[in-house]
Amino acid sequence: MRRLSAAGLSLASCFAAWTASAATLAITHVNVVDATGTPPQADVTVVVKDGRIVELGKSDAVHVPADAKTVDGSGKYLIPGLWDMHVHEVFGDWLPRDEKVVPPLFVANGITGVRDMGGDLEVLKVWRAEIAAGRLLGPRMIIAGPMLDGPVPRFPSSAPVSNAADGRKVVDDLKAQGVDFIKIQSLIPRDGYFAAADESKKLGIVFVGHVPDAVRASEASNAGQKSIEHFTGIFEGCTAIEDQLIKGPKGLGLNVKNYDPVRAKALIALMAKNQTWQVPTLVWERGQWLVDDIDLSHDPLIKYAPRSWKEHTWPMFVSDIKKDMDTDPLPVRKKFVQMELDMTLAMFRAGVPFMAGTDTAAGVHIFPGFSLHQELVLFQQAGLTPMQALQTATLNPAKFMGRTEDMGTVEKGKLADLVLLDANPLENIANTQKIRGVVLAGRYFDRPALDRMLRGVEKAAAAEPVPAAKQEGAP
Ligand SMILES: [Zn+2]
């Protein structure tokens, strides 16, 4: 931390100033999948104290302190805590504040950190402080606060930008309010976008988000945007009609019809050269483009959804999506979903860095925690190895945040955020869902504790008051 700025303090509070468990924890005889890329290490003992890994080695060579709480890891697999790098936790009346639902769902699923990509800054700051102080159970967080959108933003938790002056001012204001980074949305005008990009660079704050409708993906990458979400602008940039699509109207059908492999190759090479991170939110993309084709009426996770999501936010989303987005025939949309998987693999092979993100809970049936595991499965389906998929939620977020000294792998000296699994995730990444225990800042939650957490969420979701009647489809 160069200066003791408000932003520096808040980011630090996400990592260092946590109230860690003072008790010593030892996980013995476990297979460690450290996420560095090496094969599992068998029969390892990991000792945790004051929230960090203090010892790690072959079980017969590691001394376990007499007062340590011991967890037998025989036959189990230990991975780093997972990060969901695209979430919205508190989002105006779309996702009203609900600390009894969202934060524990993350922890119960082994998600020990999140990048909040747009939300109610003051509430999120309070949550973060409460979590760090050990008064609220939840993941570590880095926070964008309000998203920079057009003069009439589409979503709540947004800052309207009409021109270059607005772009600079909003970035200045957010920096002063202590956000960790700047989030860009689709409707911001070109001049506002480039001014915000320039101001962010001047202030030394990262900016990420959508490629705005009026900006080319290549321009965003060259402007220094650090991550691109949902492949926004990417497929437009793979066509010969990009200029026309920038002016609008756009559409998935046009992207599919005009896809040009030569242009795709050039854009992929640019993303690799600039190391522009991609967070494709494949699970959200699939849900959006195939919303009329996926039957979620029997989704067992529905019990964790508060009534406001089920009765207000999700129906509103579905009607919006059907009206404005899913206007192409289903086979075209199915083809596009596959093209997104193919793009993931092509970019990955070209050296473009990737992270796992879900857009939870601002998606239809995209559940905090659970959906991150689905995202990992989709990365595997795209053609990444299980290790590479695992790294999108562990090592890669640590690299992205410049925190590899603290997190991202299971190694001595790192923060003790860990997930204990019943099966080997390198055989099938779906095995990250077989969670036996979670360590968060050195505190161990066994399976019964995680189940109690989930029952608490279920109870809180059911107890939520019925939301006031809202206008349909009018975000
Ligand atoms: Zn989002």
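Residues that are at pLDDT 85 or above, touching a Leu at 6+ places or on another chain (Cβ under 7 Å), away from the ligand (no atom under 16 Å from the Cβ) and assigned to a loop (DSSP other than H, G, I, E, B) do occur in region 316-334, at least one of them.
Residues that are hydroxyl-bearing (Ser, Thr, Tyr) and part of a loop (DSSP other than H, G, I, E, B) within region 153-178 comprise Ser157, Ser162, listed in sequence order. Contact annotation: residue pairs with Cβ atoms under 7 Å, 6 or more positions apart or on different chains, pairing a residue in region 320-345 that is on the phi < 0 side of the Ramachandran plot with a partner that is among the polar types (S, T, N, Q), are Ile321/Gln288; Met325/Gln288; Phe336/Asn255; Leu341/Gln381.
The listed residues are Leu290, Leu270, Leu254, Leu282, and the only one of them that is surrounded by fewer than 19 Cβ atoms within 10 Å (Cβ to Cβ) and under 23 Å from His88 (Cβ atoms) turns out to be Leu290. Would you tally the residues in region 66-95 being of a type in the set (Val, Ile, Thr) and more than 16 Å from the ligand (Cβ to nearest atom)? Residues that pass the stated criteria total 3. Restricting Gln278, Gln288 to residues that are within 18 Å of the chain's Cα centre (by Cα), within 16 Å of the ligand (Cβ to nearest atom) and in a strand (DSSP E or B) narrows the list to Gln278.
A quick yes/no check of all residues on (1) free of Cβ contacts under 8 Å to residues at least 24 places away in the same chain; (2) farther than 19 Å from Leu95 by Cα; (3) not aromatic (Phe, Trp, Tyr):
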residue: Leu378; (1), (2), (3): no, yes, yes
residue: Met387; (1), (2), (3): no, yes, yes
residue: Asn396; (1), (2), (3): no, yes, yes
residue: Met401; (1), (2), (3): no, yes, yes
residue: Thr404; (1), (2), (3): yes, yes, yes
residue: Glu411; (1), (2), (3): no, yes, yes
residue: Ile435; (1), (2), (3): no, yes, yes
residue: Val439; (1), (2), (3): no, yes, yes
residue: Ala460; (1), (2), (3): no, no, yes
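Scanning region 108-129 for residues that are away from the ligand (no atom under 16 Å from the Cβ), farther than 20 Å from Ala462 by Cβ, in contact with a strand residue (DSSP E or B) (Cβ under 8 Å, 6 or more places away or on another chain) and not in a strand (DSSP E or B) yields Gly110, Lys125, Trp127, Arg128. If only residues of region 258-291 that are without any contact (Cβ under 8 Å) to a residue 24 or more places away in the chain and of a type in the set (A, V, I, L, M) are counted, the one that is nearest to Val332 (Cα to Cα) is Val262.
Looking only at region 99-124, how many residues end up being surrounded by fewer than 24 Cβ atoms within 10 Å (Cβ to Cβ) and charged (D, E, K, R)? Residues in region 99-124 being surrounded by fewer than 24 Cβ atoms within 10 Å (Cβ to Cβ) and charged (D, E, K, R): 4 in total. Residues that are over 25 Å from Pro96 (Cα atoms) and touching a helix residue (DSSP H, G or I) at 6+ places or on another chain (Cβ under 9 Å) were ranked within region 291-306; the one that is nearest to the ligand (Cβ to nearest atom) is Ile294.
Counting the residues of region 437-457 that are farther than 24 Å from Trp18 by Cα and among the basic types (Lys, Arg) gives 1. In region 173-216, of all residues being charged (D, E, K, R) and over 28 Å from Lys399 (Cβ atoms), the one that is surrounded by the most Cβ atoms within 10 Å (Cβ to Cβ) corresponds to Asp213. Ala430 meets all of the listed conditions (1) exposed (fewer than 15 other Cβ atoms within 10 Å of the Cβ); (2) modelled with pLDDT of 95 or more but one, namely (1).
Within region 73-93, does at least one residue satisfy the condition of being of a type outside the set (D, E, K, R), touching a helix residue (DSSP H, G or I) at 6+ places or on another chain (Cβ under 6 Å), part of a loop (DSSP other than H, G, I, E, B) and crowded, with 24+ Cβ neighbours inside 10 Å? Yes, that holds for at least one residue. Scanning region 361-388 for residues that are in contact with an Asp or Glu (Cβ under 7 Å, 6 or more places away or on another chain) and modelled with pLDDT under 95 gives His365, Ile366. Annotation note: of His373, His298, His365, the sole residue that is farther than 19 Å from Asn255 by Cα and without any contact (Cβ under 8 Å) to a residue 12 or more places away in the chain is His298.
The values are calculated or read from the model by the stated rules, or taken from the named source; none is laboratory data. Just so it is clear, the model here is predicted, and its values are computed rather than measured. Note that each Cβ is placed from the backbone with ideal geometry, even for glycine, and that neighbours are counted across all protein chains shown.
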